[in-house]
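Beneath this line is the structure, given in structure tokens, with notes to follow.
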Amino acid sequence: MKNISDLTAEQRVQKETFAVINSEQYRLLGGIIMMGKTSVNDEIQTAKTDGFNTQYSSRFVDTLPVKELRFLILHEAMHRAKRDLFIWVALWQKNPRLANMACDFVNNLELVKSDPQKDFISMPPNGCLDWRFDGMDAGEVFRILEQEENGKPQANNSFDEHDWEAASKFPAEETKVIERQVNTALQQGVLLSKNMGGDVERLVRELLEPKIDWRAETREFSLQACSGKEISTWRKPNRRSIHRGAYLPSTYSEKVGRMAVCVDTSGSIGKTIIGLFLGTVAEIAREVEPEMVDLLYWDVRVTRHEKYGEGEYETITASTKPRGGGGTSPSCVSSYLQKHHIKPDCILILTDGLVGNDWGSNWPAPVLWCIANNRRCVAATGKTLHIEEQT
């Protein structure tokens, strides 16, 4: 048998990859770790992922003890499991360095917590680690880092590279396939653990139910879609949100454009979910301050169309009158927008995702599907964001 010093970097990566997926604690992540292509590339400094494939520098691998190399392998797997380079692309567009650090702070902390005694893995030195970020997602960490930076760039302690540009070039359908593969791999890991008598570890349970501040992400989507008319900044926090313990952006320009908010009121939507949807609509309208909100209720047809202008957003939850109760057909919404020549800057669809294969067509603006309590559902068009009733 070869000594470690006799193995090439590629052989070491292979050896420790198999050690990780055969370990009792991390075998749950075996399917995730084996996803994509793994290769050695000495044109990079450390390691690099595009959210699916992973590359390692032989020079960096050769510097790592066994436990640190295992940590690195799991670190790259966490980027895939959390879909970091797909979910947090808006952060990368704002500040690539802070986006890298935010994702690493979250993933490193979760891995360190998974093996506090360093029995099997150990984080390489100088990585991003801060216990005050415990329980936060990358979006929350990013906003704190941006506030604290205040013109004084922090040191980048990421020990890997994130190829956001390559990830952004994945076709939309391929991105959805990757997300389905990730979910399947995690589910198989849980099943394997049960069959082999192991525990379903907290780490993997959280990956199956990732913590994402979906209200903040919905707001980010709206601002980005209307970026030609609204410039948001985290340099100066929005004073209206601070009293709620949330740091949200203030804005430079006067107005955002027109938003279409389309609420599913089909028979599968209960009163609690309707309340969640309407609260979200009102909050986003107050924060983004569009020129106009077209509030559409729909099931198999658009059952009601309400319009709200500037200064009326506080009254939405009290004055609105939801209607519906039939089947579910998002096509009725896209058809309605086309028929009535409504051309918003962005479209938010709030639904439970029980739509079969009907995701509408010829949408006149970017679409964000806010899907409640249905994490397995991924929209066939536009961007998908999962929301939870209890939040």
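Only the coordinates and a few stated rules stand behind these numbers; no lab work does. Note that the structure is predicted; figures quoted are calculated from it, not measured. With ideal geometry, Cβ positions are generated from the backbone for all residues, glycine too; neighbour counts draw on all protein chains shown.
Ranked by the mean number of other Cβ atoms within 10 Å of their residues, highest first, the peptides 257-269, 373-385 come out as 257-269, 373-385.
Computed FRET efficiency, Cβ-Cβ of residue 119 and residue 97, R0 35 Å: what is it to the nearest 0.05? Plugging the Cβ-Cβ distance into 1/(1 + (r/R0)^6) gives 0.60. For the range 65-110, what D do you get in µm² per second when you plug the Kirkwood radius from alpha-carbon pairs into Stokes-Einstein at 10 °C and 1.306 mPa s? The diffusion coefficient I find is 143 µm²/s. Each of the peptides 286-296, 13-23 was scored by the mean count of other Cβ atoms within 10 Å over its residues; in descending order, highest first, they stand as 286-296, 13-23.
Only beta bridges with both residues in the range 4-208 are counted; by DSSP, about 40 percent of them are antiparallel. Remark: the range 291-365 projects, on average over all directions, an area of 5.2 nm² (convex hull of Cα atoms). Given in Å, the Rg to one decimal and the Dmax to the nearest whole number for the Cα atoms of the range 4-208 are 16.3, 53.
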